[in-house]
């Protein structure tokens, strides 16, 4: 665990920082391996982190927000979509989240291309005008060929192995996709000067001892290979930012749900419960149902990606509601949405399952101007209506 020392008195120079120490003691000079990317007048505090023989600094800066003359303020619901258009490649763009994100970018006038191996993705989820390349991120030459052909300014990297249980059974296979595949994306992006926006995990990265709601400065402690691989991929993004001066960023997603999530699949409890409720089947609950998760609606997640895309800065941000919802509460809300009296079947808890999880979203609100707008009740109603309508691929947001 790193040892932290916080300094409110400091002096910044080009590539070193002078930290005030105890009264009567000489100041501490720390040489930096790169320039701090903020003007001196925006830096509010510096924290020195000591871990073994290595020293790190964490800089807290106050970045001013753009102001507008009276009458010229942008519509907050459309601000992100009024920015200049971009060429964007979405890996995993035919998937549940990726297809919603693709729609959001197209709605904003961006030029979007999708790369997906279609192991889970479905072409029917995509607007027919979007070019789809059936390529795996593990095939580095084919991936690079697509990237060099499209020459995107931004790559939204959502392609992944997403099943935690698969990662436990086959950790090497999980790492090939989620670690090596991400490195392949970073290398392809470097070849054309593209920025990478990475879909990481918030639910599987922080661990059982994390405070709830969990903020980004909590040290990750993943309990499965899946979360470990996602955290490793995040570290590669940071490494490339340091080595090559790139501005890659990661979004740590909570439990995402919404239309297009397979109601007959093994992942996504909301989709599964809605499918069972529609078919008149009993929902299966592992444990006592008091375990909590942070359920964030897919349309809000797409908005978070768009906001991060328009904010050309590196960073790691949680994307969640900040609120816990128990499985029992979820079933009650679903019963109201479906008009059915649900009678869940309780079975033994799964070993190692987190009891509580929620992601603090203060940083995303401050840095990206993003906050979720969809309540769990409204989102559940939308998913149930989608299931009742036959689960069409091209469902709206």
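Which length gain, in nm to one decimal place, applies between residue 349 and residue 388 when the Cα-Cα distance is subtracted from 0.36 nm times their residue separation?
Using 0.36 nm per residue and subtracting the Cα-Cα distance, I get 11.1 nm.
Using only Cα atoms, locate the centre of region 356-395 and the centre of region 222-286, then give the distance between them in Å, rounded to an integer.
Answer, in whole Å: 13.
Taking 8 Å as the Cα distance limit and 6 or more residues as the minimum spacing, I'd like the relative contact order of region 80-388 as a percentage.
It rounds to 17 percent for region 80-388.
Starting from a Cα-only point model with no solvent, please compute log10 I(q)/I(0) by Debye for region 80-388 at q = 0.11, 0.15, 0.16 1/Å.
Listed by q, the Debye log ratios stand at -0.64, -1.23, -1.40.
If packing is taken as the average count of other Cβ atoms within 10 Å, what order do 204-211, 285-292 fall into, highest mean first?
204-211, 285-292
Under 15 Å from the 7 Å Cα→Cβ point of residue 87, by amide nitrogen: which residues of region 143-174?
Backbone N within reach: 144-156.
What's the extension gain from residue 127 to residue 247 if we count 0.36 nm per residue and subtract their Cα-Cα distance?
On the way: separation 120, 0.36 × 120 = 43.20 nm, distance 2.92 nm.
Taking 0.36 nm per residue and subtracting the Cα distance, the gain is 40.3 nm.
Taken together, the values in this text are just the output of simple stated rules run on the coordinates, not laboratory data. Worth saying up front: this structure is predicted, and the values here are computed from it rather than measured. Glycine also receives a Cβ, built like all others from the backbone with ideal geometry; neighbour counts cover every protein chain displayed.
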